[in-house]
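Okay, structure first, notes after.
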Amino acid sequence: EKRAWFPDIFSREDGKGFILFIKKNLIYDEICIADFIFEGDNLQFGEISCPLKSRELEEFFSPDISPDGKKVVFSYLRRNGFLDLAVFDIETKTLQFITQDDNQDLFPSFTQDGKIVFTSFREGRYLLYLYDGEKFTKISENPEGILVGRIYNQKLYSVFIQNGKTYVGESEVKELEGATFTR
């Protein structure tokens with residue numbers, strides 16, 4: 001049985017775009033793309049392609065499409081039980097592993113300028129980190145932990161836990177300190 005999870009959409013001003021989703025199969029996952037064109041009041045879907053297939057017993061989670069629609073960042077569950085990050089280039093069909101270590105890295109998203117913000121369980125709690133293509137930087141500090149974060153127009157929007165309650169916050173993006181990640 002096949003199931004579609006974690007949809008994300010990319011559209012351009014000309015009405016063309018695609019819906020990206022993860023297809024869950026019994027023993028592997030696929031990243032799939034359904035092209036569409038929107039003309040007037042008419043939405044037409046084109047072909048569905050699945051350019052990336054996981055290895056057996058690995059799973060994909062929480063994909064996010066880059067602002068230019070050329071890449072997708074996502075978490076994947078490795079066979080050893082750890083969650084890491086990868087970027088798939090839709091045009092060249094190449095895969096780049098961003099993290100591969102014993103910490104849980106999840107909920108990645110692209111910033112407007114192409115950096116990646118994500119949640120990671122380091123220092124004994126979930127915190128937000130930023131990856132600029134070369135280095136990692138911790139950008140959040142919360143005693144109990146950040147669950148999910150997104151950056152938009154240089155503002156950090158996050159869901160966090162404090163005193164046992166869940167909150168949504170808005171703050172300035174601040175690079176607190178560099179971070180070491182195994183790649």
Inside segment 63-76, the number of residues satisfying the requirement of being within 14 Å of the chain's Cα centre (by Cα) and open to solvent by 20 Å² or more (accessible area, probe 1.4 Å) is 4
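Looking only at segment 12-21, how many residues end up being assigned to a strand (DSSP E or B) and within 26 Å of Phe107 (Cβ to Cβ)?
Looking only at that region, the number is 5.
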Picked from segment 88-112 (must be more than 21 Å from Leu147 (Cα to Cα) and crowded, with 17+ Cβ neighbours inside 10 Å), the residue farthest from the chain's Cα centre (by Cα) is Ile90
Pairing a residue in segment 95-110 that is in contact (Cβ under 8 Å) with a residue 12 or more places away in the chain with any residue that is surrounded by fewer than 21 Cβ atoms within 10 Å (Cβ to Cβ) and of a type in the set (S, T, N, Q), where Cβ atoms lie under 8 Å and the two sit 6 or more apart in sequence or on different chains, gives Thr99/Thr182; Gln100/Thr182; Asp101/Thr182; Phe110/Ser66
Being basic (Lys, Arg), out of contact with any Asp or Glu (no Cβ under 6 Å at 6 or more places or on another chain) and farther than 25 Å from Gly133 by Cα narrows Lys93, Lys24 down to just Lys24
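Residue by residue, here is whether (1) part of a strand (DSSP E or B); (2) open to solvent by less than 70 Å² (accessible area, probe 1.4 Å); (3) touching a residue at least 40 places away in the same chain (Cβ under 8 Å) holds:
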site: Phe10; (1), (2), (3): yes, yes, yes
site: Lys23; (1), (2), (3): yes, yes, no
site: Glu30; (1), (2), (3): yes, yes, no
site: Ile37; (1), (2), (3): yes, yes, no
site: Ser49; (1), (2), (3): yes, yes, no
site: Arg55; (1), (2), (3): no, no, no
site: Ala86; (1), (2), (3): yes, yes, no
site: Gly114; (1), (2), (3): no, yes, yes
site: Val117; (1), (2), (3): yes, yes, no
Of (1) within 22 Å of Asp29 (Cα to Cα); (2) at pLDDT 90 or above; (3) in contact with a Leu (Cβ under 8 Å, 6 or more places away or on another chain); (4) not small (Gly, Ala, Ser), Arg79 satisfies every one except (2)
- Yes or no: Leu156 assigned to a strand (DSSP E or B), under 17 Å from the mean Cα position of the chain (by Cα), modelled with pLDDT of 75 or more and not aromatic (Phe, Trp, Tyr)? yes
The one condition Asn153 fails out of (1) open to solvent by 80 Å² or more (accessible area, probe 1.4 Å); (2) within 15 Å of Lys174 (Cβ to Cβ) is (2)
Screening Gly164, Gly178 for residues that are over 30 Å from Ser49 (Cβ atoms), open to solvent by less than 70 Å² (accessible area, probe 1.4 Å) and touching a residue at least 40 places away in the same chain (Cβ under 8 Å) leaves only Gly178
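The values are calculated or read from the model by the stated rules, or taken from the named source; none is laboratory data. Keep in mind the model is a prediction, meaning the values are calculated, not measured. Here Cβ is always computed from backbone atoms with ideal geometry, including for glycine, and neighbour counts include all displayed protein chains. These accessible areas exclude ligands, DNA and RNA; they are computed on the full protein's heavy atoms, side chains included. Shrake-Rupley method; radii C 1.70, N 1.55, O 1.52, S 1.80 Å.
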